[in-house]
Amino acid sequence: MNGTQRAAVRRPPAVWPDTGERADPALAAPSSTARADVWPHPERRSARTALGGLLRLRLRAWWERRHPRRDTLTLTHANVYILPTRAGLVFALTLAVLLVASINYQLSLGYLLTFLLAGSAAVALHVTHRTLRGLTLHLRATPSVFAGEPVAVECVLDDAAGRARYGVGLRPRAGADAGWSWIDVPAGGQNVARLAVACERRGCFHLPSVRIETRFPLGLFRAWSDWRPASTVIVWPQPEQPAAALPPARGAGGASNARFVQGDELDGVRAYRRGDAPKRVLWKKAARALDTGADLVVRETSGSHRQELWLDWAEAPLATPRIADTEARLSRLAAWLLECERRGLDWGLRLPGFEQPPGAGDAHRRAALDALALWSA
């Protein structure tokens, strides 16, 4: 091939397939043998991509039907899978080389070593599968967290067959960087595997699938199964940092107070309500109340009735409105209610279409955070 022919081969086609634009005629190859399908047509590539996506969706749907969501799973022959590892494939190749060498050189000890190692691998196959078979997995209740914090998932592995299980690993399939949690399960007992799942957005979070795996005892085979928990976790909005100043409090008559007053003058006593500060309980009368079955009493001060405020959606504007104004408002309301709980104040929450009356305590706080997490415009 001379220089003119090599230059013609390097020239671009007359029409670019990707854009449909005509190339410079001076640079186009005049050869009649030029192929028009050097680059795949965009429509063909999009058709292949759509076909691949459809196949993946169908495969995913079949896999989910085979593994329905449940919080308790018992591993059996139907849902435990096993394949050789990379070390197992190398081991099989080594056995093949030993067998061929023993046949060629008529080595009796070679036959003995080959079949001894092959028998050990067959026993390891059975033991690896048996390590998972018969285990029962339970999911403990997962507490709610704030957005950006890891969701703590606790999986209880229970053995009812009376066999000890070694080297059992669990990992959430939410990301490739998720770490393994390796545990041993005693015979007839149970153990807990603790996993951490990242969650960046508020709302109702479905727990991801959990991969359970073992390579015990020799690492030649890998037995695994997938568990799809049915439980969900409510992820609360991330509190604003630093938190803005609280809105002004409003008394029972609707008057606004510029600041909160912690009164010191004793107005009387009242029955204990959930969320009252321990320092306001009359502990001298607590023992008598417990003996008689009466309720505890707390001090009622002159400033107690004024420690009540409303956390209103309309009172949580931002200095510079953004596209994510809704999430920022929810973060500010979450920071406000946490500050109210820290100060021991009675507070209520108002959202568009939702209102929670004033109160205090852990249950009151959780109900408000749940409302913030699940609220939508």
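The values are calculated or read from the model by the stated rules, or taken from the named source; none is laboratory data. All of these numbers come straight from a predicted model, not from anything done at the bench. Cβ: placed from backbone, ideal geometry, glycine included. Neighbour counts: every protein chain shown. All accessible areas refer to the heavy atoms of the entire protein, side chains included, with ligands and DNA or RNA removed. Shrake-Rupley method; radii C 1.70, N 1.55, O 1.52, S 1.80 Å.
Is it the case that Leu218 is out of contact with any strand residue (DSSP E or B) (no Cβ under 8 Å at 6 or more places or on another chain), at pLDDT below 85 and either aliphatic (A, V, I, L, M) or assigned to a helix (DSSP H, G or I) (or both)? No; evaluated as a whole, the condition is false for this residue. Within the stretch 75-111, the set of residues being among the aromatic types (Phe, Trp, Tyr) and without any contact (Cβ under 8 Å) to a residue 24 or more places away in the chain comprises Tyr105, Tyr111. Restricting attention to the stretch 346-374, the residues that are of a type outside the set (D, E, K, R) and touching a Lys or Arg at 6+ places or on another chain (Cβ under 9 Å) total 9.
For the stretch 201-212, the count of residues that are part of a strand (DSSP E or B), open to solvent by less than 70 Å² (accessible area, probe 1.4 Å) and modelled with pLDDT of 95 or more is at least one. Look at (1) closer than 19 Å to Val168 by Cα; (2) in contact with a strand residue (DSSP E or B) (Cβ under 8 Å, 6 or more places away or on another chain); (3) modelled with pLDDT of 95 or more and you find that Ala92 fails only one, number (1). In this structure, Arg130 does not satisfy being closer than 24 Å to Trp375 by Cβ, basic (Lys, Arg) and surrounded by 15 or more Cβ atoms within 10 Å (Cβ to Cβ).
Here is a yes/no grid of residues against (1) part of a loop (DSSP other than H, G, I, E, B); (2) open to solvent by 20 Å² or more (accessible area, probe 1.4 Å); (3) closer than 16 Å to Thr72 by Cα:
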site	(1), (2), (3)
Thr142	yes, yes, yes
Ala152	no, yes, no
Val168	no, no, no
Arg171	no, yes, no
Gly188	yes, yes, no
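If I filter the stretch 58-86 down to residues being part of a helix (DSSP H, G or I) and open to solvent by less than 60 Å² (accessible area, probe 1.4 Å), which single residue comes out as farthest from Leu218 (Cα to Cα)? In this case the residue turns out to be Ala61.
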